[in-house]
Amino acid sequence: MPLIELNNVSKVFKKEFSRKEVHALNALTLHAHEGEIFGFLGPNGAGKSTAIKLMMNLIRPSTGGISIAGRDASDSGVRRIIGYLPENPYFYDHLSAKELLHFGGKSCNMDNDAIETRTTALLHELDLTESIKRPLRAYSKGMIQRAGLALALIHDPRILIFDEPMSGLDPMGRKKVFNLILRLREEGKTVFFSSHILHDIERLCDRAAILINGTLTRLLDVKEDLPKEKTLEDVFFEEVEKTGGLRE
Amino acid sequence: MSGIISLAHITLKEGIRNRALFGIFILALLMFAATIALVNLFMRDIVKVAVDLSLSTISFAGLLMVVFIGTSLLAKDIDKRTIYMVISRPVSRTQYVIGKYLGLCFLVVVAVLLLGIVSSLPVYISSIMYKNPQAVFSWKIYFIAIVFIALKLMLIASVIVFFSSITSTSFISLVLTIAAYLIGSTNETVKGILDSKMEGVEITPPMAFIIKGVYYVFPNLSAFDLKLQAAHGLALAEGYLLSVPLYWLLYTGIMITAGSLIMERREFP
C-alpha cells in the first residue's frame with residue numbers, strides 16, 4: 001500500500017476581490033511507497049509547494065483526496081509520523097534551537113530524556129551544536145534551514161516531506177543534507193522532497209515526478225527509466241519544451 | 001494536551017523575551033515613581049489618588065503589553081507563516097488557538113502579578129507618609145481590582161485571538177483590537193445615556209438599535225474597572241464579584257470558539 005497517496009487532486013485558488021481563478025494543480029495522482037526516496041521537480045510556479053502544502057493539510061484540495069498511511073491528510077494525528085520542512089522556514093525569533101526541538105518533541109508526546117538525546121544527536125549531525133542556545137533570529141539562512149530539518153526529524157517520523165531542503169545552503173550544508181537523506185534511506189524512511197537541484201535528485205531518488213503548470217507530465221524510475229546517455233536534467237528540459245514552457 | 005501546553009509554554013517564552021515588554025515595564029516603573037512624587041501635590045485623599053494612579057498604571061501598561069505583544073505573537077504567526085511549524089505537528093487548529101490563548105493568559109498573569117507587587121509600593125508609601133484616620137482603604141479591594149484588570153486583559157487577548165483568525169496581517173488585527181478596546185471602554189456610558197433618556201438628547205430608533213447592538217456585541221470593559229471602589233474602599237456586592245467573572249468566561253469562550261471554528265476552515269497558502 002502506498003504511504004503517500006494523492007488521487008486526482010486539483011487545487012484552484014480564487015483571487016481576492018476578483019473572479020479570477022488560478023488552477024495550481026490539475027488532477028494530480030501520485031503514490032509514494034514505504035522506504036522510497038521520491039523527488040518532485042518542476043519549474044518555479046509549477047505547483048510543487050502547493051502539492052506539498054496539500055499533503056500537510058495547510059491548504060485543502062478543490063477536488064480529489066489525499067491520504068497518508070491510509071488516513072486522511074486532514075487528520076492531525078497522522079502528522080505524528082510525518083516530519084515536514086517548509087520552503088524558507090521561519091521560526092519564533094526568541095527561541096533557541098534547543099527550545100524549538102523541545103517543542104517539536106513535546107507536541108509528539110515524547111518524554112524529556114528522549115527529546116534531549118535526539119536533540120543532541122541531530123544538532124551534532126547538522127552542525128548546530130555550538131549555536132544550541134543562541135536565539136533563532138541570530139541564525140543565518142542556512143542555519144535556519146538546518147534547524148528546520150532537525151525539527152522535522154526530532155520525533156523520528158516514518159515519512160519526511162521536504163520542500164526545497166537544499167535551498168539557501170552552502171556546498172557544505174548541501175552535502176550534509178545529502179548525507180542525511182542517504183541515512184534516512186538506510187533507516188527505511190520514506191522521503192518526499194522537491195528540489196531544483198536535478199543532479200542531487202538523480203543521485204538520491206528512487207523515483208521522480210516532473211510537474212509543469214500544475215500537471216504531472218512524467219513519472220519515472222530514476223535508475224531504470226532514464227534513457228541511456230541522458231541525464232535527469234536532459235529529460236526535465238525536454239518535458240519543459242514539450243509543454244511549451246511555463247504559463248504566465 | 002501536551003501540544004497545547006508546549007505551545008502555551010513557547011508563546012509565554014516568546015512574549016517574555018520580546019524587547020517591547022522591557023520598554024513597557026520601564027514605562028510602568030517610571031509611572032509608579034511619578035505616583036510617589038506627585039501624590040503630595042494633592043491636598044487631601046492622597047491614598048485615593050495613589051490607588052487610582054497605581055491601578056491606572058497597571059491597566060495602561062497591561063493594555064500596551066497585551067495589544068502590541070499579543071498581536072505580534074498571534075497575527076504574525078499567520079503573517080510570517082511561523083504557524084507552519086505548529087500546525088505541521090500533531091496539533092489541531094483548535095489546539096493551536098487554545099495553546100496560543102493560554103500562552104497569552106500566562107503572560108498577562110505574570111505581568112499583572114509583577115506590576116501588582118510593584119504598584120503596592122507607592123500605595124503603601126503614601127498610606128504611611130500621609131496618614132489619614134478618616135480614609136477608608138482596603139488592600140483586599142485593591143487586590144480584587146488588580147485581578148479584575150487581569151481578567152480584562154485576558155478578555156482583550158481573546159479578542160486578539162478572534163481578530164487574528166479572520167485577518168491575514170498583524171496590522172489589521174492590531175487596528176481592529178484597538179477599535180474594539182475603545183468601543184468596549186465607552187459602550188456602557190453610551191448605553192447609560194440611551195437608557196437615561198436625558199433631556200435635549202434625541203436618539204432615533206435606528207440609532208438606539210445600533211447602540212444596543214454595539215453594547216451587546218463588543219465587550220463591556222468598564223465592568224472590570226474597580227478603580228473607584230478601590231480608591232474609596234467601597235464594599236463590593238457578591239453578585240457583582242460573581243457576575244463579572246461569569247461574563248468574562250462567556251465572552252472569552254465565544255471569542256475562542258469562534259476563532260477556533262474560523263481557523264479550522266482557514267487555508268495557509
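Quick note: the coordinates plus some simple rules give every number you see, no bench work behind them. Keep in mind that this is a model prediction, so the values were computed, not measured. A quick note on method: Cβ atoms are made from the backbone with ideal geometry, for glycine too, and the neighbour counts reach across all protein chains shown.
Would you work out which of B:G233, A:T50, A:P61 lies farthest towards the positive end of the dipole of the protein assembly as shown? Charges go on Cβ: Lys and Arg +1, Asp and Glu -1.
Highest projection toward the positive end goes to B:G233.
Quick one: compute the contact order of chain A, relative version, from alpha carbon pairs under 8 angstrom and 6+ residues apart, as a percent.
25 percent
Take peptides B:76-88, A:14-26 and line them up by average Cβ neighbours within 10 Å, highest first, as a rough protection proxy.
B:76-88, A:14-26
With all pairs of different alpha carbon atoms counted, what Kirkwood hydrodynamic radius in Å does the range A:141-242 show?
One over the average 1/r among Cα pairs gives 14.7 Å for the range A:141-242.
Within 10 Å of each Cβ in A:91-98, how many Cβ atoms from other chains are there, averaged over the peptide?
5
Calculate the mean, over all residues of peptide A:99-105, of how many other protein chain Cβ atoms lie within 10 angstrom of the residue's Cβ.
Working: counts 4, 2, 0, 3, 10, 5, 3.
Counting Cβ atoms of other protein chains within 10 Å of each residue's Cβ and averaging gives 4.
Where does helix B:70-79 land angle-wise versus the long Cα axis of chain B, in degrees 0 to 90, nearest 10?
For B:70-79 against chain B, the angle is about 20 degrees.
With N set to the number of residues, divide the alpha-carbon radius of gyration of the protein assembly as shown by 2.2 N^0.38 Å and report two decimals.
In units of the globular-protein estimate, the protein assembly as shown measures up at 1.20.
Is there a pair in A:K20/B:K76; A:K189/A:K228; B:K131/B:K227 whose C-alpha atoms are over 23 Å apart, and which pairs would that be?
Those over the limit are A:K20/B:K76; A:K189/A:K228.
Can you list the equivalent-ellipsoid semi-axes of chain B, largest first and in whole Å, using the square root of 5 times each Cα gyration tensor eigenvalue?
34, 25, 15
For the range A:1-55, report the % of Cα-Cα distances exceeding 12 Å.
On the way: 1039 of 1485 pairs.
Distances greater than 12 Å cover 70 percent of the Cα pairs.
Spelling out what I want: for every residue of the range B:193-198, take phi, set θ = phi - 60°, compute 6.51 cos²θ - 1.76 cosθ + 1.60 (Karplus), and round to whole Hz; glycine and proline get x.
5, 4, 6, 6, 6, 4
Pick from B:M31, B:M207, B:M65 the residue whose mean-square fluctuation is largest in a GNM of chain B, springs joining Cα atoms under 10 Å.
Result for chain B, Cα springs under 10 Å: B:M207 fluctuates most.
Could you tell me the extents of chain A's C-alpha atoms along the three principal axes, largest first, rounded to whole Å?
51, 48, 36
Which residues' amide hydrogens lie under 5 Å from the amide hydrogen of A:V191, considering only partners 5 or more residues apart or on another chain, with H built in the peptide plane?
A:E36, A:I37, A:F38, A:L160
Is there a simple number for the mean count of other chain Cβ atoms within 10 Å of the Cβ of residues in A:74-87, and what is it?
Other-chain Cβ atoms within 10 Å of each residue's Cβ, averaged: 3.
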